[in-house]
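Visitor: Questions regarding the structure given below will be posed in turn.
The values are calculated or read from the model by the stated rules, or taken from the named source; none is laboratory data. Values in this document were obtained by computation on a predicted structure and should not be read as measured data. Using ideal geometry, Cβ is built from the backbone for each residue, glycine included, and neighbour counts are taken over all protein chains shown. The area values use the complete protein model at the heavy-atom level, side chains included, leaving out ligands, DNA and RNA. Shrake-Rupley method; radii C 1.70, N 1.55, O 1.52, S 1.80 Å.
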Amino acid sequence: MMNDTLGATLKIAGAGLQAQSTRLRVVAENLANADSTATAKGGDPYRRKTVSFDSVMDRGVGAELVQVKQIGRDRSDFQLAYDPSHPAADDKGYVKKPNVQPLVEMMDMREAGRAFEASMNVIEQSRAMMTRVVDLLRS
């Protein structure tokens, strides 16, 4: 019973790690492309990616696990900057800038990092409990 509970805890925390790892990867990609404009005249720049989560029932564990539902695209408007010399400038001299807001991305990264850390702490505590149980059984 105890082993099943700890195993389930590890699986739940592992699912959290995997979901937050994907979220961190997407945030990093957004930040890396925060200044990526189009290369063709009037073209669209990089569009911010978003991550949405879902829960799925794992009958073996008897609990719901988090998973990435989809990696989508933020449909908010692009900002315009006047730069007639830019290769991607439209006929009026405006260049579309990515809809990435670095401050929002940094907050998202911080939140994902904290969730990742919390899942790691659960795994570490579960492993320590398993070790203690084995030690007690050997005594």
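Visitor: Can you list the residues, at least 5 places off or on another chain, whose amide H is less than 5 Å from the amide H of Q79, using H built in the peptide plane?
Guide: Those lying under 5 Å, H to H, from Q79 are K97.
Visitor: So who's got an amide H within less than 5 Å of the one on S36, skipping anything under 5 residues away but keeping other chains? H placed 1.01 Å off N, in plane.
Guide: Counting only residues 5 or more places away or on other chains, the set is Y46.
Visitor: For V51, what residues show an amide H to amide H distance below 5 Å, using hydrogens built from the backbone and excluding near sequence neighbours?
Guide: It is G72, by chain and number.
Visitor: By average Cβ neighbour count within 10 Å, what is the ranking of 11-18, 106-113 from highest down?
Guide: 11-18, 106-113
Visitor: For R73 and M130, calculate 0.36 nm times their separation in residues minus their Cα-Cα distance, and state this gained length in nm to one decimal.
Guide: Working: separation 57, 0.36 × 57 = 20.52 nm, distance 4.20 nm.
My answer for the length gained is 16.3 nm.
Visitor: Show that you can apply the helix-only estimate: for the chain, add -39,500 (n - 2.57) for every DSSP H stretch of four or more residues, divide by all residues, and state [θ] at 222 nm to the nearest 500. Working shown, then result.
Guide: Values: 2 runs with 68 residues, N = 139.
After summing the helix terms and dividing by residue count, I get -18000 deg cm²/dmol.
Visitor: First compute the accessible area of the chain with a 1.4 Å probe, then give the percent of it belonging to carbon and sulfur atoms.
Guide: That share works out to 52 percent.
Visitor: Could you run the Karplus curve 6.51 cos²θ - 1.76 cosθ + 1.60 with θ = phi - 60° over segment 128-133 and give me ³J(HN,Hα) per residue in whole Hz, x for Gly and Pro?
Guide: 5, 5, 4, 4, 5, 5
Visitor: In Å², what does the accessible area per residue of the chain work out to with a 1.4 Å probe?
Guide: On a per-residue basis, the chain sits at 66 Å².
Visitor: If I ignore ligands, DNA and RNA and count only protein heavy atoms, how much of L137 is accessible to a 1.4 Å probe, in Å² to the nearest 10?
Guide: Rounded to the nearest 10, that gives 140 Å².
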